[in-house]
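Undergrad: Structure incoming, see below.
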Amino acid sequence: MDYAVIADAYRKIESTTKRLEMTDILVDLLRNTSKDIVTKIVYLTQGKLYPDFVGIEIGIAEKLAIKSLVRASGRKESEILSDLQKTGDIGQVAENQLAKKKQATFFSKTLTVEHVYESFDKMAKTTGSGAVDMKTAVFAGLLSDASPKEAKYIIRTATGNLRLGIADMTVLEALAIAYGGGKEARGPIERAYNICSDLGRVSEILVREGLDAIKKMQVKVFEPIRPMLAERLPSPEEILEKLNGKCLAEYKYDGERIQAHKQGNNVALYSRQLENISSQYPDVADLIRKQVKAQEAIFEAECVAVDIETGDLRPFQELMHRRRKYDIETAIEQYPISLYTFDLLFVNGKDLTCEPLTDRRAILEEVLNKNIQLQIATQKVANNTKELEDFFEKAIEEGCEGLMCKSITKDSVYQAGNRGWLWIKYKRDYKSEMTDTVDLVVVGAFHGRGKRAGAYGALLLAAYNKEKDIFETVTKCGTGFTDKDITDLHTILQNHVIPRKHARILSMMEAEVWFEPFVVLEILGAEVTLSPIHMCAMESIRKDSGLAIRFPRFTGKYRTDKSPQDATTAREVVEMYQNQLKQINQT
């Protein structure tokens, strides 16, 4: 398949402002793709070569891309840098410069999807002495054979900034329509993706074996499961009402959520974002080898920094010193950890994700040899508000963020990749209006003035509407940013600038700069109010009104552990607004 076909589809996707049209373009691309390369098309459309947990990235830095573009285009580096400064998009620069190419390339060939993918793969796996020269030669050769249009998307993919803003859910829907018989097939396809986290593998099974094979897919060790997420409520009364009057409450630790996979002596650890972080926690891997009795197991735990002398829990910021590539042994000594397990998803060949929480917990107790470093999260079954409130206060006293309150009915399955009312967060912050933070996606910006001239003065932020797979603006934030934040954010966001509002962004405001939904920031506001200009949960409360966060400020926390789809949802903002009304009525 000619790469020009995929480049044409990307150009159409980039130019549309309609999400449904974006899906239709993907459907056409997939239907016209040979079954042999559907997997490659899916990965490339995600901007990757393999699923995230494999840990293989193309990894072309912008400097190397520029060097390769100089060789391929025959242009001066100064000309390319000048163009880049104007556009801020290395892909657009590649298209511009190759359109002015000074010399013809002898023996150039038509690029195929297979050749582009294999070239990327070769670059990704090239390491050691001479790796930079080898990558430059391969990349320059690829760009030399590319048309200006093809070069735009090749260089964007290689540098990790495809800028299409296509979510995995959009690809799933397109696969359902193209190969599953229609949108109604999305459910089982999404379930398969949620338990294996490999969209390429799901697509291959679907196109080769059909929907029945997709429905039979099971959990496997070393294929991380997309984590289940929780809703939030501000009071024990509302939590118990939502959970049928009874729940399993457990400490909500201030650590890093880890999904551990064990098969014999092989152990792998995955982050919330499904990144393989085993190398950063070798002591945790050793702990699991020694203390987990099951031959095969997948379980979830919170990894928490601890004070060895006192046994006290330490804050999340200390744990982040463990996230390093070098001097791991020193970090292990300086920042020791404990592991608090809270769910078992698979054991000795049996998928437990469809079993009730109480059954999963009972088996978890059986497979662990608990010690001071490996424990089950402190928990309590609560069936009245006093029990829940007392347990909450105890959790706070012991250094936790609050509680996770979980359903213990027969339907309390593990909802991989989904947020629902089976799990509810209860944190101290929820007790008063909006002292709880929200995680919002940067979708636009406004140019700064005065001290912020040349940078962004304010950011347009959005909540995620899961049902519609779109991002709805909820506030405009220009406070809480340090001078360093202003500089850093301009650099970070520059990689995600797009020429017009993205098809998945719903906004009445006209930003001066638009971004693909990618960067997530933690924000604290004064209250949630009705708004005639913000689109979050539009008309869910009142006709012609959405919801907005009033007086927002940046907390200083970049939520790199969250994808845009993990951001605060529009439904959560509605809940926050309704809870405020209840508090006002009570006073």
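Just so you know, all these numbers are worked out from the coordinates, no wet-lab data involved. Note that the structure is predicted; figures quoted are calculated from it, not measured. Reconstructed Cβ throughout: ideal geometry from the backbone, glycine too, with neighbour counts over all protein chains shown.
Undergrad: Angle between the Cα long axis of helix 3-15 and the longest principal axis of the chain, 0 to 90 degrees, nearest 10?
TA: 60
Undergrad: Starting from the amide H of CYS536, placed 1.01 Å from N in the peptide plane, find each other amide H under 5 Å away whose residue is 5 or more places distant or on another chain.
TA: Amide H neighbours of CYS536, under 5 Å, 5+ apart: THR473, LEU547.
Undergrad: Cα centroid distance between the stretch 492-542 and the stretch 1-34, in Å?
TA: Centre-to-centre distance over Cα atoms comes out at 25 Å.
Undergrad: What Kirkwood radius, in Å to one decimal, follows from the Cα pairs of the stretch 229-431?
TA: Working: mean 1/r = 0.0573 Å⁻¹.
Hydrodynamic radius (Kirkwood, Cα only) of the stretch 229-431 equals 17.4 Å.
Undergrad: Label the stretch 302-408 by shape, choosing from rounded, prolate and oblate, from the square roots a ≥ b ≥ c of the eigenvalues of the Cα gyration tensor; if a/c is under 1.5 it is rounded, and otherwise prolate applies when a/b is larger than b/c, oblate when it is not. Working shown, then result.
TA: Numbers: a/c = 2.42, a/b = 1.29, b/c = 1.87.
Note, shape of the stretch 302-408 comes out oblate.
Undergrad: Take the alpha carbon gyration tensor of the stretch 438-586, find the square roots of its eigenvalues, order them as a ≥ b ≥ c, and report rounded if a/c is under 1.5; if not, report prolate when a/b exceeds b/c, else oblate.
TA: Working: a/c = 1.76, a/b = 1.49, b/c = 1.18.
Prolate shape, in that a/c is at least 1.5 and a/b is the bigger ratio.
Undergrad: While we're looking at this one, here's another question. Size of the dipole of the stretch 313-356 about the Cα centre, Lys and Arg at +1 and Asp and Glu at -1 on the beta carbon, nothing else charged, in debye to 20? List each step's numbers first, then the result.
TA: Values: 6 positive and 7 negative charges, 37 e Å.
With only Lys, Arg, Asp and Glu charged at Cβ, the dipole is about 180 debye.
Undergrad: May I have the extent of the alpha carbons of the chain along their three principal axes, as whole Å values ordered from largest to smallest?
TA: Ordered largest first, the chain gives principal extents of 78, 57, 53 Å.
Undergrad: Mind scanning LYS216/LYS410; LYS468/LYS562; LYS216/LYS466; LYS252/LYS386; LYS406/LYS466; LYS63/LYS122 and naming the pairs with a C-alpha gap bigger than 24 Å?
TA: On the way: LYS216/LYS410 22 Å; LYS468/LYS562 19 Å; LYS216/LYS466 26 Å; LYS252/LYS386 18 Å; LYS406/LYS466 21 Å; LYS63/LYS122 19 Å.
From LYS216/LYS410; LYS468/LYS562; LYS216/LYS466; LYS252/LYS386; LYS406/LYS466; LYS63/LYS122, over 24 Å: LYS216/LYS466.
Undergrad: Right, something else. Treating only the Cβ of Lys, Arg, Asp and Glu as charged (+1, +1, -1, -1), what charge dipole size does the stretch 143-190 show about its Cα centre? Round to the nearest 20 debye. Intermediate results must be reported in sequence, preceding the final value.
TA: Working: 6 positive and 6 negative charges, 46 e Å.
About 220 debye.
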